Amino acid sequence: MFYKTSQKFQKVTKIQVLTLLFILIRTALNLLLVVNIQKTIDYIAEKKHTQLNETLIHITIILGFYGIVLFIAQYFLRQLFYIGKLSIIENLYQLTINKPISFFQKYSHRHLVSNITIDSNKISDWYSQGIIIFLTQVIILVTTLCLMSFYHGIITVIIFTTILTCFFIVKMITKK
């Protein structure tokens with residue numbers, strides 16, 4: 001998405017876009033469910049049975065769409081893992097084949113295959129799914145915080161501060 005793509009990686013890019021699109025739709029449906037559940041709780045507290053029934057119907061419909069979109073998003077994410085890894089391996093093997101003969105005299109075949117396999121795993125983890133997962137998490141965090149600030153600003157600030165604190169604590173613990 002943020003890099004020049006060759007013919008080999010265009011299929012990966014298409015699946016990245018589709019995966020991101022369905023994950024964003026899933027996130028929007030998830031937030032819509034949260035809002036409708038909040039309305040349901042409000043209607044129960046206020047004893048508004050007509051609106052409660054309508055909201056429960058909305059929740060049921062949204063849950064149906066959410067399930068469908070969730071399965072589609074997971075399908076594309078799994079495709080992205082698989083196709084991304086294969087595209088990188090194919091590209092690395094192609095680059096290796098085009099090396100001069102002196103290159104192959106320096107390294108054993110096992111060493112080359114091992115390096116290609118290890119490198120392809122590292123590259124494809126970020127290249128294919130890492131970007132999508134990172135973007136998804138950022139979008140979910142921002143939209144959730146915006147939705148929360150709509151209800152109560154102070155609680156949003158407290159939760160955001162707690163999230164950042166937990167993130168830095170985990171980061172410090174993993175460094176040791």
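The values are calculated or read from the model by the stated rules, or taken from the named source; none is laboratory data. Source: prediction; values computed, not measured. Every residue, glycine among them, receives a Cβ derived from its backbone with ideal geometry; neighbour counts consider all protein chains shown.
Here are the numbers for this structure:
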item: Residue list for the stretch 8-46, filter: touching a residue at least 24 places away in the same chain (Cβ under 8 Å) and among the β-branched types (Val, Ile, Thr); result: VAL12, ILE15, THR19, ILE23, ILE25, THR27, VAL34, VAL35
item: Subset of the stretch 58-88 (residues that are among the small types (Gly, Ala, Ser) and buried (at least 17 other Cβ atoms within 10 Å of the Cβ)); result: ALA73, GLY84, SER87
item: Matching entry among LEU141, LEU164, LEU145 (being under 20 Å from the mean Cα position of the chain (by Cα) and modelled with pLDDT of 85 or more); result: LEU164
